[in-house]
1. Under the √(5λ) rule applied to the eigenvalues of the Cα gyration tensor, what semi-axes describe the equivalent ellipsoid of region 140-241? Give them in Å, descending.
2. Projecting each Cα onto the charge dipole of the chain (Lys/Arg +1, Asp/Glu -1 at the beta carbon, about the Cα centre), which of LEU84, CYS171, GLY206 comes out farthest on the positive side?
3. Mind checking the angle between helix 48-74 and the chain's longest principal axis? C-alpha axes, 0 to 90 degrees, to the nearest 10.
4. In nm, to one decimal, how far is the GLU103 label point from the ALA52 one, both placed 7 Å along Cα→Cβ?
5. Specify the residue with the greatest mean-square fluctuation among ARG99, ARG62, ARG170, computed from a Gaussian network of the chain linking alpha-carbon atoms under 10 Å apart.
6. GNM, the chain, Cα, under 10 Å: largest mean-square fluctuation among VAL14, VAL229, VAL83?
7. Rounded to the nearest 500 deg cm²/dmol, what is the calculated helix-only ellipticity per residue at 222 nm for the chain, with -39500 (n - 2.57) per DSSP H run of length n ≥ 4?
8. Taking the 0 to 90 degree range and rounding to the nearest ten, how far is the long axis of helix 122-138 tilted relative to the main principal axis of the chain, both from C-alpha atoms?
Amino acid sequence: LEEQFRQAQKMEAVGRLAGGVAHDFNNLLTVINGYCDIILPEVPPESPDHDALTAIRDAGERAAALTSQLLAFSRKAIVAPQVLDLNEVVGLSEKLLRRLIGEDITLTSVLTPNACRIKADPVQLDQVIMNLAVNARDAMPTGGRLTIETKLVQVRDSDPLVSAGLRPGRCVELAVRDTGCGMSPEVLSKLFEPFFTTKGLGKGTGLGLAVVHGIVKQADGHVSVMSSVGGGTTFHVLFPEVLPAVHEGDGLPKSGIRRGT
Ligand code: ADP
């Protein structure tokens with residue numbers, strides 16, 4: 001527990017720092033990228049300046065992507081949780097997921113026929129799914145299978161997850177499974193730390209899973225991982241189930257998901 005508390009404090013400090021830096025960087029990058037976009041079309045493609053400007057613009061875009069991850073990591077104030085059905089969220093993200101993972105990876109979703117009501121911010125929930133899917137994709141450079149599963153599970157008082165902070169009772173589970181390279185115990189032990197990445201300079205930010213962890217915790221959920229080198233990886237994300245009776249009038253729309261209303 002002490003370790004968890006220290007980790008939470010560290011995350012909060014890093015988050016605050018990262019958020020402040022990201023905000024200022026964002027303003028500066030808007031200037032850099034904006035001027036690049038204006039000048040670039042005016043420079044003839046055969047000029048060496050064109051290559052230099054293209055490199056500046058590419059680096060600027062990469063920096064902007066990193067900043068937006070940093071902002072997502074520290075953005076705690078503007079979450080808008082609402083009751084939504086995880087099955088619908090997964091269904092809606094399937095098209096984008098397919099594009100994201102490419103043609104060499106097969107996407108299968110196995111959704112429970114039961115309603116999967118949870119209370120979460122829909123934008124953040126998308127981010128959880130996308131971050132887990134991108135990691136799965138990166139773990140399968142020569143192709144494989146990505147499976148997204150939803151189900152209802154009962155968390156009992158005696159469950160070790162309860163001592164890890166999860167409320168006992170019915171939970172909605174999101175499982176994201178890949179047939180990729182898997183992880184060593186050493187990587188597994190650092191997985192959720194901000195800025196931990198094995199993807200090399202310019203490729204990974206090391207923030208994807210820290211963001212996932214933060215979002216899930218905020219929704220009173222829990223995230224765990226099972227992985228072995230060469231044996232693929234499964235992330236299990238649990239959210240407390242929202243009972244329909246308790247939330248009458250705050251319930252789900254007949255179709256689709258309310259976003260930011
Ligand atoms: P990033 O993706 O930017 O590296 P993450 O926090 O998302 O940052 O992931 C941290 C590290 O965890 C990755 O660099 C990778 O080594 C490992 N990892 C995460 N997901 C998987 C997975 N599905 N399979 C194998 N390794 C993974």
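The values are calculated or read from the model by the stated rules, or taken from the named source; none is laboratory data. Just so it is clear, the model here is predicted, and its values are computed rather than measured. Counting neighbours? That spans all protein chains shown, and the Cβs are built from the backbone with ideal geometry, glycine included. Just the protein is used for accessible areas: all its heavy atoms, side chains included, with ligands, DNA and RNA removed. Shrake-Rupley method; radii C 1.70, N 1.55, O 1.52, S 1.80 Å.
1. Computed over region 140-241, the values are 25, 16, 12 Å.
2. After comparing all options, I get CYS171.
3. 20 degrees
4. 4.0 nm
5. Result for the chain, Cα springs under 10 Å: ARG99 fluctuates most.
6. VAL229
7. Details: 7 runs with 119 residues, N = 261.
Calculated mean residue ellipticity at 222 nm is -15500 deg cm²/dmol.
8. 70 degrees
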